[in-house]
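The values are calculated or read from the model by the stated rules, or taken from the named source; none is laboratory data. On a predicted model such as this, the values are computed, not experimentally measured, just so you know. Note: ideal-geometry Cβ built from the backbone for every residue, glycine included; neighbour counts use all protein chains shown. Surface accessibility is based on the protein's heavy atoms, side chains included, excluding ligands, DNA and RNA. Shrake-Rupley method; radii C 1.70, N 1.55, O 1.52, S 1.80 Å.
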Amino acid sequence: MDFLSIFFTPWASIAIILTAVAVFSLLLGKYDRKTIVSSSIRAFLFLYLVIVFYNGVITYDNYAVDQHMNEILDKQYEVVQQQKSKLTSSDKYVVALSRENDNDDHINHIFVGNYSDKQLVSGELTLMLYNENGDSIMNKKIEVTDLKPGEKRKLDRIITEEKAEKYRYRWGKIK
């Protein structure tokens, strides 16, 4: 996580602009110089701290999602390695699913990781979701492009009415 990006962000320009508006307003109100300077500094610091706080929350949330993605993809790759004695090229492109609930909907985040030393230029991924009884909930084809060696990314977010207990995936047309 890059802590400097929390403090030095394009959003900080909002604090500068709003402080300039405050200074202009104080000048129009013909306040004395001491009041203008102290009020402007306090306004800037307050606005900047609010922006830094919200930017920090967003940055940390993105960092936590990335960490979670890395963990589940690494676990899934270990499972694939344990299940097969010899890995094919498509076995090194791992797909993992993370689930969460939102009221009556079930949100499924699909992640992909390239554990190969070759770039995946394009590939067609067929994802199959199943409920606890093994009945198919959804089949979805996802086009994956430009996945560099070692890269991990979030592919898609799928909302289902039933909870996906199991999933399977199949690669087709890998280039």
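So here's what we get for this one:
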read-out: Residue that is within 19 Å of the chain's Cα centre (by Cα) and either among the aromatic types (Phe, Trp, Tyr) or more than 30 Å from Asn139 (Cα to Cα) (or both), where the choices are Thr19, Thr9, Thr35; value: Thr9
read-out: Enumeration of residues in segment 156-174 that are part of a loop (DSSP other than H, G, I, E, B) and open to solvent by less than 50 Å² (accessible area, probe 1.4 Å); value: Ala164
read-out: Output for segment 1-33, where each listed residue is of a type in the set (Ser, Thr, Tyr) and open to solvent by 90 Å² or more (accessible area, probe 1.4 Å); value: Tyr31
read-out: Residue identified as more than 19 Å from the chain's Cα centre (by Cα) and either modelled with pLDDT of 90 or more or not β-branched (Val, Ile, Thr) (or both) among Arg168, Arg99, Arg157, Arg153; value: Arg168
read-out: Selection within segment 109-145 - of a type in the set (D, E, K, R) and under 18 Å from Ile158 (Cβ atoms); value: Glu124, Glu132, Asp135, Lys140, Lys141, Glu143
read-out: Number of positions in segment 11-36 that are assigned to a loop (DSSP other than H, G, I, E, B) and either aromatic (Phe, Trp, Tyr) or in contact (Cβ under 8 Å) with a residue 12 or more places away in the chain (or both); value: 2
read-out: Near pairs, Cβ below 8 angstrom, 6+ apart or cross-chain, from segment 77-92 (modelled with pLDDT under 80) to any residue that is in a helix (DSSP H, G or I); value: Lys84/Asp91; Leu87/Val80; Leu87/Gln81
